[in-house]
Amino acid sequence: MTEREFIPPAKPIIGPDERAAVDAVLQTGMVAQGPQVAAFEQEFGDQLVAGRTCVAVNSGTSGLHLGLLAAGIGPGDEVIVPSFTFAATANSVALTGATPVFVDIEPTYFCLALEAVEAAITERTRAIMPVHLFGHPADMTALRAVAERHGVMLFEDAAQAHGATWDGAPVGSFGTFAMFSLYPTKNMTSGEGGMVSCADDEVVRRVKLLRNQGMERQYANELVGLNNRMTDIHAAIGRVQLTKVGAWTRTRQDNAAFLDAHLESVAVPAVAEQATHVYHQYTVRVPEDRDEVVRRLREEFQVGSGVYYPIPNHRLESLSRFAPGLDLPETERAAAEVLSLPVHPSLSASDLERIVEAVNTVVKAGS
Ligand SMILES: *Cc1c(COP(=O)(O)O)cnc(C)c1O
């Protein structure tokens, strides 16, 4: 077999435009939060969240943390979250002093299961925080109805879902707050960073205070806050990426359509009728020997893939104390079966063909 270039599971695209934007900021000598951050917040909200006010922070995790604090979440409160997600979802809840309550997912889109959410609501529940996992939105119509019926808030972990829509509205426009991550492997990046989309002026005000020592003016500290500011260097990268993310998303969707049409032996990702999927990940199920499939794709075909997530949050050493004796069967099944194939916008036509050949060869239909 000829030597072939490894196809990575993710590949951030950072080019001359980003480098020029960074250089322009460096030349001003003013690199901390300033005009680039303000412009990035405005453009991000206009382009991706239907004009909602957005506040930039130094990571997606900070965005969740500050959003939760701004919404008043703290000790004694419960926030319903999926366990089948990145640890930041529950970590941010736990760091406020509140309790993350882990709920199972539905097996089709890997998002929160409605009946399980409803069953988990207690008099301490303050909010439900779905994750739009892999770039497919959770069922926001139904979740909003559940939240309203029980008088609890709705938050969104939209870390993986820039530009995804549910029933015609962008993710990030449903919750009291929503967070988008700008980590390099996400659909767009600022290096590190996060964006908090806010439902009202008071949430905006509080997130801004919390990211800056609790003050709007120096020495007029209203709240106990942090330094979670984004730099103008990172914002300049993010602004360039914002001009490209739409085209990248269309390429992701085209790549996904190709894989959908040609993969023969795995269940391809479903897309709900009300949803636009932005394919942060292209995730299939491999019920038999998933880890062996990962190894063979890499070794025999030089095709990288990822397992998100092999260990559900409620079984992590750090978070298991919030879930004594909890059994989440669909979460466990997903953790054992999921496999994310490359779908990123840097794939060539021959890369896509090799991915198809590899999966169709390694995963035997009906195995
Ligand atoms: C990436 C991610 C986060 C955290 O974002 P960072 O920018 O890495 O802090 C939170 N939730 C989910 C679902 C993520 O994928």
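Candidates are the residues of the range 126-142 that are closer than 24 Å to G97 by Cα and more than 12 Å from the ligand (Cβ to nearest atom); the one that is surrounded by the most Cβ atoms within 10 Å (Cβ to Cβ) is I128. Screening A358, A267, A275, A335 for residues that are at pLDDT below 95, on the phi < 0 side of the Ramachandran plot and not assigned by TED's automatic domain parsing to the domain that holds P82 leaves exactly one candidate, A267.
With R252, R239, R298 as the choices, which residue is in contact with a helix residue (DSSP H, G or I) (Cβ under 6 Å, 6 or more places away or on another chain) and either under 23 Å from Q160 (Cα atoms) or not acidic (D, E) (or both)?
On the way: R252 fails: in contact with a helix residue (DSSP H, G or I) (Cβ under 6 Å, 6 or more places away or on another chain); R298 fails: in contact with a helix residue (DSSP H, G or I) (Cβ under 6 Å, 6 or more places away or on another chain).
When all the criteria are applied, what remains is R239.
Of the residues S320, S348, the single one that is in contact with a Leu (Cβ under 9 Å, 6 or more places away or on another chain) and surrounded by fewer than 20 Cβ atoms within 10 Å (Cβ to Cβ) is S320.
Quick grid of which residues meet (1) surrounded by fewer than 16 Cβ atoms within 10 Å (Cβ to Cβ); (2) in contact with a strand residue (DSSP E or B) (Cβ under 7 Å, 6 or more places away or on another chain); (3) closer than 30 Å to L347 by Cα:
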| site | (1), (2), (3) |
| --- | --- |
| G15 | yes, no, yes |
| R19 | yes, no, yes |
| G29 | yes, no, no |
| P35 | yes, no, no |
| Q42 | yes, no, no |
| G45 | no, yes, yes |
| C54 | no, yes, no |
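In this structure, A87 qualifies as among the small types (G, A, S) and under 28 Å from S190 (Cα atoms). Has the range 94-109 got any residue that is at pLDDT below 95 and surrounded by fewer than 20 Cβ atoms within 10 Å (Cβ to Cβ)? No, because not a single residue in the range 94-109 is at pLDDT below 95 and surrounded by fewer than 20 Cβ atoms within 10 Å (Cβ to Cβ).
Of all residues assigned to the range 246-263, at least one qualifies as being under 21 Å from E337 (Cα atoms) and under 20 Å from the mean Cα position of the chain (by Cα). Residues in the range 187-212 that are surrounded by fewer than 17 Cβ atoms within 10 Å (Cβ to Cβ) and assigned to a loop (DSSP other than H, G, I, E, B): D200 alone.
With respect to (1) near the ligand (Cβ under 10 Å from one of its atoms); (2) at negative phi, the lone exception for G193 is condition (2). Of all the numbered requirements in (1) closer than 30 Å to I14 by Cβ; (2) touching a Lys or Arg at 6+ places or on another chain (Cβ under 8 Å); (3) surrounded by fewer than 21 Cβ atoms within 10 Å (Cβ to Cβ), V303 misses one, and that requirement is (3). Picking from T231, T283, which residue would you name as being surrounded by 20 or more Cβ atoms within 10 Å (Cβ to Cβ) and not assigned by TED's automatic domain parsing to the domain that holds S350? Every option except T231 fails the conditions.
Restricting to the range 59-93, what's the tally of residues that are crowded, with 24+ Cβ neighbours inside 10 Å, among the β-branched types (V, I, T) and near the ligand (Cβ under 8 Å from one of its atoms)? Counting residues in the range 59-93 that are crowded, with 24+ Cβ neighbours inside 10 Å, among the β-branched types (V, I, T) and near the ligand (Cβ under 8 Å from one of its atoms) gives 2.
So is A145 closer than 15 Å to R52 by Cα, among the hydrophobic types (A, V, I, L, M, F, W, C) and surrounded by fewer than 23 Cβ atoms within 10 Å (Cβ to Cβ) or not? It is false that A145 is closer than 15 Å to R52 by Cα, among the hydrophobic types (A, V, I, L, M, F, W, C) and surrounded by fewer than 23 Cβ atoms within 10 Å (Cβ to Cβ). A count restricted to the range 43-58 and to residues that are within 14 Å of the ligand (Cβ to nearest atom) and of a type in the set (G, A, S) stands at 1.
From the residues in the range 151-170 that are on the phi < 0 side of the Ramachandran plot and away from the ligand (no atom under 12 Å from the Cβ), which one is surrounded by the fewest Cβ atoms within 10 Å (Cβ to Cβ)?
Within the range 151-170, the first condition is being on the phi < 0 side of the Ramachandran plot, and the residues that meet it are 152-162, 164-166, 169-170.
Next, only the ones that are away from the ligand (no atom under 12 Å from the Cβ) stay: 152-154, 164-166, 169-170.
Details: V152: 18, M153: 19, L154: 21, A164: 25, T165: 19, W166: 23, A169: 15, P170: 23.
Looking at the filtered set, the residue picked out is A169.
The values are calculated or read from the model by the stated rules, or taken from the named source; none is laboratory data. Everything numeric in this text was worked out from a predicted model, so none of it was measured. Heads up, the Cβs are rebuilt from the backbone with ideal geometry, glycines too, and the neighbour counts pull from every protein chain shown.
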